[in-house]
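The values are calculated or read from the model by the stated rules, or taken from the named source; none is laboratory data. Since the structure is predicted, the reported quantities are computational estimates derived from the model, not experimental observations. Here the Cβ is made from the backbone with ideal geometry for all residues, glycine too, and neighbour counts use every protein chain on show. The area values use the complete protein model at the heavy-atom level, side chains included, leaving out ligands, DNA and RNA. Shrake-Rupley method; radii C 1.70, N 1.55, O 1.52, S 1.80 Å.
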Amino acid sequence: MLLTQKLTYLDHNATTPLKPEVRDVMLRLLEFPGNASAIHKLGREARRRIEEARAQIAGFVNAGPKAVIVFTSGATEANNLVLKGSGCERVLVSAIEHPSVLNALAAREIIPVLSNGVIDVAALDQMLEGNDRATLISVMMVNNETGVIQPLDKVVEIAKRRGALVHTDAVQAAGRLPIDLQKLGVDYLTLSAHKIGGPQGAGCLVLSNCVSVTPQISGGNQEKNMRAGTENLAAIAGFGVAAELAARDMGGYQALAALRDRIEAELKKIAPAIRFFGQESPRVANTTMFALPGAPSETQLIALDMAGICVSNGSACSSGAVRASHVLKAMGASEAEAGSSLRISLGWNSTEKEVDYFIQQWTEMYNRIKSRVSAA
Ligand code: PMP
């Protein structure tokens, strides 16, 4: 029996289980020897599969005929590619970005965030007053910890007025919200396969009509000279299929809101002191992040892990470390709140039964530490 069959997996914002259709396509291609740059039949077939995936992803984000999609090893690389390669002198990133945006450049300016988890657009506008330098703004579409949807339309409006380019990390929006690159009017957009039922190790940067990037990896002329290296055929083909499936499954995704709301209502009944982050803001349907001072993240994580439940205390990108979340701190959460946070993220195969089991196990954990919570 697979390990996952015995576990309750509620950590879809960290990574999603591979969809069976994606797995089937990938398994077939893992045995396929063609290099997409080769001239012969097998090379041409590999190229065809990669171009098919490119078209599937272009359709998924309504990229339009002039956009260019550059495949990368994941969203981290795509984010680095645009932040380091846009050629802009000034780069502004929001305080709640993923570390692959926040840490890509030392010399970046930080756009603050309000306590409701939404970036402060008035502050952004002010930061760009009188700006006459080539500028890139990077604001994510949906935050990976809170699920809060960011006001990209306002960001784009400010950027156009102030003459700046816009990049959005749409990793956590993909499959959760419809994405329309042409309507959004952003210049660059990042996606990752493993957040939409695809494999880990594949992602892309979508470039709109008028922009390009300087490659950060030199070598052959793959990906229109913007990312050298033999394309990861199986992963890219899997990414394409995952994108197509995610577009089709969007309705099912919205239904997760009922399960997420049930978790929040039940936990609030059990522990009235609990605080849900960004609850008053527009959020995607699958995510809830909460804090309960007196119930340290480690305690909650370990108790749930022992019961076979997989959840996180924020971003999974700190290599297994239980660290206070930079997102919550940016939202003005106290140390006690940031240190007692937990994120539940549901996904394509989450069930009501799993949610019930989570609530039951969390309640048992809470009853064991109740006295510490009320003293906090
Ligand atoms: N951006 C966001 C918002 C993410 O949630 C993640 C994954 N945690 C990444 C970027 C990095 O993606 P990848 O794992 O494909 O490098």
Pairwise Cα inverse-distance average, inverted: Kirkwood Rh of the range 38-136 (Å): 16.4
MRE, 222 nm, helices only [DSSP H, n ≥ 4, -39500 (n - 2.57), over the chain, to nearest 500]: -12000 deg cm²/dmol
Options LEU83, SER212, GLN150, ranked by Cα towards positive dipole end of the range 20-248, top entry (Cβ charges): SER212
Enclosed volume per residue, in Å³, of the convex hull spanned by Cα atoms of the range 20-248: 113
Simple Cβ-charge dipole of the range 1-108, Lys/Arg +1 and Asp/Glu -1, about Cα centre, in debye nearest 20: 260
Charge dipole (debye, nearest 20) of the chain; +1 at Cβ of Lys and Arg, -1 at Cβ of Asp and Glu: 380
Label zone at GLN254, where the point sits 7 Å out along the Cα-to-Cβ direction: the range 123-164 residues whose backbone N lies under 17 Å: 149
Loop sites in the range 105-189: GluC sites (Glu not before Pro), DSSP, at most 11 other Cβ within 10 Å: GLU129
Overall Cα dimensions of the range 142-273 - principal axes, largest extent first, Å: 58, 42, 27
Sorted largest first, extent of the range 227-305 alpha carbons per principal axis (Å): 52, 30, 23
Residue order for ARG176, ARG47, ARG248, ARG161 - accessible surface, 1.4 angstrom probe, largest first: ARG248, ARG161, ARG47, ARG176
Protein-only accessible surface order, largest first, of TRP348, TRP362 at 1.4 Å: TRP348, TRP362
Pairwise label distance in nanometres, ARG23 with LYS224, each label 7 Å out on the Cα-Cβ vector: 3.5
Area accessible to solvent at GLU364, 1.4 Å probe radius, in Å²: 80
Spin-label zone in the range 119-146 - amide nitrogen under 20 Å from a point set 7 Å from the Cα of ILE110 along the C-beta vector: 119-129, 136-146
Portion, in percent, of the accessible area of the chain that falls on carbon or sulfur, probe 1.4 Å: 53
Estimated distance in nm for a label pair at THR363 and ILE302, the labels positioned 7 Å out from Cα along Cα-to-Cβ: 2.5
Percent breakdown of C-alpha pair distances by 10 Å bin, ordered from the shortest bin, for the range 80-142: 22, 55, 23, 1
Tail beyond 13 Å, pair distance distribution of the range 1-55 (Cα, percent): 71
With all protein chains modelled, accessible area of TYR253 [1.4 Å, Å²]: 20
Inter-site label distance for LYS84 and ARG262 at 7 Å from Cα along Cβ, in nm: 4.6
Net length gained if the chain between LYS66 and THR214 were fully extended (0.36 nm per residue, minus Cα distance): 51.4 nm
Residue list for the range 44-64, given a label point 7 angstrom along the Cα-to-Cβ vector of PHE32 and an amide N cut-off under 13 Å: 44-54
Å² per residue, accessible surface of the range 20-248 at 1.4 Å: 40
Cα centroid of the range 164-214 to Cα centroid of the range 57-126, whole Å: 10
